[in-house]
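For reference, the structure is listed below as structure tokens.
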């Protein structure tokens, strides 16, 4: 009898230690936001202003030590060309690291494609970067707690703890994650956390000559980004995934995904 | 400063060909090893379920294959982990899954479910074979002169017997009870082990092809199917080898005879057992196959009927790009053909093995079409990615995640099984067990 | 000998205890559920500081002005004043100690990032003066005729 009791106690103790109760609790992010009212980083992209020069992509890669020659990038610029026949053609050669300098649209294995000027109805550029979602799908699926959200809403990757399983890359609906070719761990845009947390600007926003990119504090009513989000018609990418992005776009339309 | 044009191959680039509009960071990140992973886990779970059919539900007809299936399931266990380790970018940190599990992730369950499952299978084997352990132990101890190999064997038996040498009727009865209990617990755990492998895919909301609640169930059914099929094939082949080896006296092919003496093997008896077990098991294969195919077809029909936004690109992938892989290789060769072969009257061992081989291929193609097919299109629904399996490796990456890495994963369980068979003879017949 | 059935369980319990003990030693003390809760905030706290300490490569225009205010003046009055110095002159990290001189990108490729003529209605690109790079003096560098600090065509 004594032995049985001992076993029972051991079992209870062990299960109690190994599976903490918090594992079963899905925390409401709204509650969390309310708990930290002072700072929440947000980003504003004005697609009308973007000219597709790609300075942001280059600056980002240099600032964050992503090798220029590696075909992955933390931020990129897409080109959208719409034709009179109702077709939408998109391209993004090498993330627009060298900007858009040709009328030829890069369709990868299908080759280059030229759309005659008279066929074009509208055409524009859309910069993309990590949306630093309020309920990030990538963080939810990390099996080891190597990627996480900071108190001010930035999603980071712990390079010393990441096992490189790629689940977060699969889980991100926006394709912003990749394996760093040298560090060999998952990597993504950090909103230049090292710069913004010291009062600086992100490398991409600073490099943009046209003010198409802006970072700001969504909790500060006097912040230009917060104001724009409040007063203008802005949209976010793929709200259907329920990830609640914090990168807002001016001039978004249905074709942008 | 001019941009460098030198190449630096990032993970996934070596085997991905992009077509039309694909985001710059999109590659086929989950490649052949992630196809192997649910496949191998499925084999483990399926083999275990087969053995449990006998132990729990007393399906007497499966008696001989059940014991074999149990040991083979144990040999497959470490291999289920192998593809994951080969796939990780930081394999040495794999232990983090056990150290800081983040339970909102399906993968984090792996460490715990897998360990639980391993313990259950290990314990079940211990109870099934305890009598044999003790008998062998006593036999070896009684020997006045022991070879080096026999001494090693004795040492192993001493350790794994855990000092429990009681062979009284009562003790043996207790063993049987424990086996039944463990096999009973084992079935849900095996289903969970594999169901959660399905959950890993089914819960990725970013992937239009993967996200369906049916995924775990489909995975469980096809797991049982592939597990049973592999047991039929390997059982028939091993028995064939044993018959051949027993006739010719090639005892190195009979690991249990190496360890325990020639008397363990009898040719005529082997033949009748083989044919009976294989044809019986084939019946169970049919039942689970029907279930698996029904669910898979339901999934495709449902997607086509509801036709939400992603259907346009999924239709392109399913009916055009992957048509041969899905409808010819998976459903035609892998499901329909073996179905007909198994249903034709007068089933022979040879035909059952052929059908099982096709089934194994079919389930492999199903895993392939899910894992690779799910990455065959861009997140923007506007482009495609074609996967090219690296055949000749030119660096460690293309070895690990190429044909050779996959073959390594496939062959390992048989190597393990060979050595395991010396200690735990899977083909041992024991008339008074149960 | 009576209770030999429990022996495998003891082995398992030993294993579990071993893993938990190893965990105590292996996992850093600051690893745990932080501000954002278990779902989104389960991590090693020290990593946040590691990211904050990441070295910045780009300074900004005011840093350049500290020494080069003469150069800055001409540029400031031009239409190119919207382009940050470091876009063409390179990231100033370490300068002026190491590297002593920054490598300036004077290439045609740099200029046509904005000035290659593309029809982009509904985009700011349409408002920028553009050339067809293959037609417009294709063999010469832009800087041979145009002054990047004062690109005005009247002043040429």
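Collect the residues in region B:179-204 that are within 13 Å of chain A (Cβ to nearest Cβ) and part of a helix (DSSP H, G or I), keeping them in residue-number order.
Scanning region B:179-204 gives B:196, B:197, B:199, B:200, B:201, B:202.
Could you grab me the full set of residues in region B:39-91 that are in contact (Cβ under 8 Å) with a residue 40 or more places away in the chain, within 17 Å of residue B:196 (Cα to Cα) and within 14 Å of chain A (Cβ to nearest Cβ)?
B:83, B:84
Which of the residues spanning region A:124-147 are at the interface with another protein chain (Cβ under 7 Å from one of its Cβ atoms) and part of a strand (DSSP E or B)?
A:124, A:125 - these are the residues of region A:124-147 that are at the interface with another protein chain (Cβ under 7 Å from one of its Cβ atoms) and part of a strand (DSSP E or B).
Residue check, residue A:159 against (1) part of a loop (DSSP other than H, G, I, E, B); (2) within 9 Å of chain B (Cβ to nearest Cβ); (3) over 12 Å from the mean Cα position of the chain (by Cα); (4) within 28 Å of residue B:88 (Cβ to Cβ), all met but one. Which one?
Evaluating residue A:159 over (1) part of a loop (DSSP other than H, G, I, E, B); (2) within 9 Å of chain B (Cβ to nearest Cβ); (3) over 12 Å from the mean Cα position of the chain (by Cα); (4) within 28 Å of residue B:88 (Cβ to Cβ) leaves (2) as the failure.
If I go through region A:103-123 residue by residue, how many of them are within 13 Å of chain C (Cβ to nearest Cβ) and either buried (at least 17 other Cβ atoms within 10 Å of the Cβ) or in a strand (DSSP E or B) (or both)?
Result for region A:103-123: 9.
Hey, can you tell me all the residues within region C:135-156 that are exposed (fewer than 12 other Cβ atoms within 10 Å of the Cβ) and not in a loop (DSSP other than H, G, I, E, B)?
Selection gives C:144 alone.
Of all residues being more than 14 Å from chain A (Cβ to nearest Cβ) and in contact with a helix residue (DSSP H, G or I) (Cβ under 6 Å, 6 or more places away or on another chain) in region B:92-124, which is surrounded by the fewest Cβ atoms within 10 Å (Cβ to Cβ)? Just the residue, please.
B:118
Testing residue A:240 on (1) assigned to a helix (DSSP H, G or I); (2) modelled with pLDDT of 95 or more; (3) surrounded by fewer than 18 Cβ atoms within 10 Å (Cβ to Cβ), one condition comes back false. Which one is that?
Against the list (1) assigned to a helix (DSSP H, G or I); (2) modelled with pLDDT of 95 or more; (3) surrounded by fewer than 18 Cβ atoms within 10 Å (Cβ to Cβ), residue A:240 comes up short only on (2).
When residue A:150 is evaluated against the numbered criteria (1) buried (at least 19 other Cβ atoms within 10 Å of the Cβ); (2) touching a residue at least 60 places away in the same chain (Cβ under 8 Å); (3) touching a helix residue (DSSP H, G or I) at 6+ places or on another chain (Cβ under 9 Å); (4) away from chain B (no Cβ under 12 Å), which criterion, by number, is the only one it fails?
Just one mismatch for residue A:150, condition (2).
Select from region C:111-131 the residues that are within 19 Å of residue A:118 (Cα to Cα), touching a helix residue (DSSP H, G or I) at 6+ places or on another chain (Cβ under 7 Å) and more than 7 Å from every other protein chain (Cβ to nearest Cβ) and list them in ascending order.
C:130, C:131
Going by the structure shown, is residue B:317 under 24 Å from residue B:36 (Cβ atoms), in contact with a strand residue (DSSP E or B) (Cβ under 7 Å, 6 or more places away or on another chain) and in a helix (DSSP H, G or I)?
The answer is yes for residue B:317.
Considering only region A:49-88, state which residues are more than 10 Å from chain C (Cβ to nearest Cβ) and assigned to a strand (DSSP E or B).
A:70, A:76, A:77, A:78, A:83, A:88, listed by residue number.
Condition check ((1) under 30 Å from residue C:94 (Cα atoms); (2) within 9 Å of chain B (Cβ to nearest Cβ); (3) within 22 Å of the chain's Cα centre (by Cα)) across all residues:
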{"position": "C:4", "(1), (2), (3)": "no, yes, no"}
{"position": "C:29", "(1), (2), (3)": "no, no, no"}
{"position": "C:41", "(1), (2), (3)": "no, no, no"}
{"position": "C:48", "(1), (2), (3)": "yes, no, yes"}
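Select from region A:205-216 the residues that are in a helix (DSSP H, G or I) and within 10 Å of chain C (Cβ to nearest Cβ) and write down the one among them that is farthest from residue C:49 (Cα to Cα).
Taking the candidates together, the pick is A:207.
Filter region A:89-102 down to the residues that are more than 9 Å from chain C (Cβ to nearest Cβ) and either surrounded by fewer than 18 Cβ atoms within 10 Å (Cβ to Cβ) or out of contact with any strand residue (DSSP E or B) (no Cβ under 7 Å at 6 or more places or on another chain) (or both) and list them by number.
A:94, A:97
How many residues are within 14 Å of another protein chain (Cβ to nearest Cβ), surrounded by 14 or more Cβ atoms within 10 Å (Cβ to Cβ) and within 29 Å of the chain's Cα centre (by Cα) when one looks only at region B:149-161?
2
Farther than 17 Å from residue B:412 by Cβ and in a helix (DSSP H, G or I), is that true of residue B:14?
Yes; evaluated as a whole, the condition is true for this residue.
In region A:170-199, which residue that is within 7 Å of another protein chain (Cβ to nearest Cβ) and under 13 Å from residue A:63 (Cα atoms) is nearest to the chain's Cα centre (by Cα)?
Per the stated criteria, the residue is A:190.
Of the residues C:132, C:105, only one is loosely packed, with under 14 Cβ neighbours inside 10 Å and either touching a strand residue (DSSP E or B) at 6+ places or on another chain (Cβ under 6 Å) or modelled with pLDDT of 90 or more (or both); which?
Unique residue meeting the criteria: C:132.
Looking only at helices (runs of 4 or more DSSP H) that lie completely in region C:18-86, which have at least 3 residues being assigned by TED's automatic domain parsing to the domain that holds residue C:105 and in contact (Cβ under 8 Å) with a residue 60 or more places away in the chain?
So the answer is C:61-76.
The values are calculated or read from the model by the stated rules, or taken from the named source; none is laboratory data. All of these numbers come straight from a predicted model, not from anything done at the bench. FYI the Cβ positions are ideal-geometry reconstructions off the backbone, even for glycines, and counts take in every protein chain you see.
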